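Working notes, beginning with the structure itself.
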Amino acid sequence: MIRRSITSAVCLLLLAGLAATAYDRSEFLFLDEIEVGMTGVGKTVVAADTISEFAVEILGVIDQPGDLSDFIVVRVSGEAIGRSGGIAQGMSGSPVYVDGKLVGALSRAATWAKDFTPIGLVTPIEPMLAVLDATASEEALAMPNPRAVLAGARLVETAIAPSAETIAAAPETIFSYPISTPLVAEGLSGRAREILMEGFSTNETPLRLIGDVFSPVVAPTVRGLAAFDLSLLPVSAGSAAGLIDPASLEPGSGVGVALATGDITIGALGTLTYRDGDALVGFGHRFIYNGPSRFPMTTVSIVDTMKAYDASFKLGTLGATIGTVREDRIAAIGGRIGDPFDGIDLTFAVADPEAASAETFYIELAGEPRLMPELLLATGFEAIDTTLDRVGQGTVVVTYEIDGAGMPRPLVRRDTFFSAVDIAVYPPLQLAGIMTALQYNELLNPQIDEVSVTMEFSEEIRGVYISDFVIDRLVYAPGDSIHFQLELQTYQGERLTRGGEITIPEELIAEYLLVRAYGGPRYLESGEKAKVLESIDDLVEAIEDIPSYEILTVELFAVDPFAARSDALFGVAEVTYEFPEYVVYGEREESAILIEPDEDAGEGSDSGW
């Protein structure tokens, strides 16, 4: 679970602190010392986990408002750049040195009409050291050397490399574009990869779990990780060939940020820029701009760097978790080797008894709420699709158990879904909704540390349809019993009949009644107020108490005669029926009039049924 241990104000002080304390200048070349024409080297892994060097020439400095908007413009060359086809995805964070002193980290590729060799932007070391939370220099280090500033040059950031026509039309403009943070996804295939990056949208009924039954929660937004300016590598290098000793990591080595580890691995590849003992910074830019964070830090194994027309990329894989990334800032990510990571232990147990197929997936997730829907849907779809080995109709019975250090007890919920098109949709979508409700509540951080999901699938569509519903008469008085009869039909099967009664409270004041038969949960009516939650225990109980789709409810509603709206319905009483492992669907309702008892004493409560 994310532990936000440093406030925004403290982080701003860290960035400002560079002017207050001292670094040993012998190790770094700060922005005020940069001169045009300086040459040096950059370090990065191109293949076989071996650090290679490339040549760097400083063209000047882009001086923009604010310390976090300054960049060093460099020309890059050499065998490593040629082999990579330019500045490749995964090179971000590559340290750049002049005369053996660290200048900063390569963070962006760029194009300029005045220079047709590969150029890039280097994030100065000053804001990266602030992320490292180290001591700083005695002077205002982020002030560029005036002699190095590119007079008249204008920096424009674009999502992709601009066209030759665009470059030629703006000779004074340097167009920069991010060296996209490349994601690797091992154990994900097909649509699970697409959902991870592009998100998922549906109007299906599981979204009814959240939003109108209790407050204040919202349905999960599943935008996809592409919304965070992340890109998914088209291929994976597979499992790491061997263990990489964390003690061997040095500037230029690969370093990773994991979102999921275990049977499914999802994470980002980058390069280590600077290491101070067990503390390190890398990337030279943000990951998802999360600020104080709790992400697993991993080793990275690079097999090769692949040339591509649109963007070359490093072909690599995430290795073992070696620490925790604690800072995710504009200038860099920062963390500590050896810092234990405590994530969310996620288990998907999927079974299809008819096909004699069963699989269990064990995954550790980074507990970042903003990414949780994407991670749950991608991993959930993969677990289901892999086990079922098909996409199509069926019924699933699912049980969720969620626990956390901040929860009074584990949340346990059971539900049943069916679909004639794609049964895999429902369990991960409802789970994402439940997790959204828990992680974004206004009461208390649940500190979720364990999520267990068991799912049993059948290819049979098990549904109970409410085909008809009638009540015994049209006029009632307070205290009367409304007798009703339900006509049901199982999906392509037998007809069923259920009868019952529901009593009108004697103190009820209303003119109109409505009796409705429906399956599963329902939305709030216009005359109802959302339930007020006063504790995390209330929230857990509210989620558990939402009717599952196995439940058929016959509910009495009344129209509030004192409300401003004429349709201000509110629930009065209900009776329920359970159909285990079947989904109840369809809705029927009947209306009636409520009169004073002495207006029609002959009506009585005898229905004749």
Exercise for review: Could you list all residues from segment 442-460 that are buried (at least 17 other Cβ atoms within 10 Å of the Cβ) and either modelled with pLDDT under 95 or more than 22 Å from G520 (Cβ to Cβ) (or both)?
Suggested key: N445, P446, Q447, I448, D449, V451
Exercise for review: Kindly establish whether P340 is modelled with pLDDT of 95 or more, surrounded by fewer than 22 Cβ atoms within 10 Å (Cβ to Cβ), more than 19 Å from the chain's Cα centre (by Cα) and not β-branched (V, I, T).
Suggested key: no
Exercise for review: Those residues that are surrounded by 22 or more Cβ atoms within 10 Å (Cβ to Cβ) and more than 17 Å from A358 (Cβ to Cβ), I need them from segment 384-403; list them, please.
Suggested key: Y400, I402
Check your understanding: Within segment 483-505, which residues are small (G, A, S) and part of a strand (DSSP E or B)?
Key -> G499, G500
Review point. For the subset of segment 530-566 comprising residues that are part of a strand (DSSP E or B) and either hydrophobic (A, V, I, L, M, F, W, C) or touching a Pro at 6+ places or on another chain (Cβ under 9 Å) (or both), which member is nearest to T416 (Cα to Cα)?
Key: I551
Review point. Hey, does segment 133-142 have a residue that's modelled with pLDDT of 65 or more, surrounded by 17 or more Cβ atoms within 10 Å (Cβ to Cβ) and not basic (K, R)?
Key: no
Practice item. Being within 47 Å of the chain's Cα centre (by Cα) and of a type in the set (F, W, Y) is the filter; apply it to segment 468-513 and report the residue that is nearest to Y582 (Cα to Cα). Key: Y491
Check your understanding: Does T360 satisfy the criteria of being without any contact (Cβ under 8 Å) to a residue 24 or more places away in the chain, outside the structural domain of Y549 (by TED's automatic domain parsing) and over 16 Å from the mean Cα position of the chain (by Cα)?
Key -> yes
Check your understanding: Pick from G252, G270, G316: which is under 24 Å from A47 (Cα atoms) and part of a loop (DSSP other than H, G, I, E, B)?
Key -> G252
Practice item. Answer yes or no as to whether T324 is crowded, with 21+ Cβ neighbours inside 10 Å and of a type in the set (S, T, N, Q). Key: yes
Review point. E450 versus (1) more than 25 Å from R223 (Cα to Cα); (2) part of a strand (DSSP E or B): which is the lone unmet condition?
Key: (1)
Review point. Of the residues that make up segment 517-525, is at least one on the phi > 0 side of the Ramachandran plot and crowded, with 16+ Cβ neighbours inside 10 Å?
Key: yes
Exercise for review: Return yes or no: is T395 over 26 Å from D538 (Cβ atoms) and without any contact (Cβ under 8 Å) to a residue 24 or more places away in the chain?
Suggested key: no
Study note, to complete from the structure: Out of (1) at pLDDT below 80; (2) in contact with a strand residue (DSSP E or B) (Cβ under 7 Å, 6 or more places away or on another chain), the one L106 does not meet is (1)
Review point. Out of the residues in segment 343-373 that are within 29 Å of I551 (Cα to Cα) and among the charged types (D, E, K, R), which is surrounded by the fewest Cβ atoms within 10 Å (Cβ to Cβ)?
Key: E354
Point to revise | Options I461, I482, I466, I471: the member that is closer than 30 Å to E590 by Cα, touching a residue at least 40 places away in the same chain (Cβ under 8 Å) and touching a His at 6+ places or on another chain (Cβ under 8 Å) | key: I471
Revision key, fill the gap. Across segment 404-418, the tally of residues that are small (G, A, S) and surrounded by 19 or more Cβ atoms within 10 Å (Cβ to Cβ) stands at 1
Exercise for review: Among the strands (runs of 3 or more DSSP E) lying completely within segment 38-89, list those that include at least 3 residues that are surrounded by fewer than 24 Cβ atoms within 10 Å (Cβ to Cβ) and among the hydrophobic types (A, V, I, L, M, F, W, C).
Suggested key: 39-47, 50-62
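The values are calculated or read from the model by the stated rules, or taken from the named source; none is laboratory data. Here the structure is a predicted model, which means the values were calculated and not measured. Every residue, glycine among them, receives a Cβ derived from its backbone with ideal geometry; neighbour counts consider all protein chains shown.
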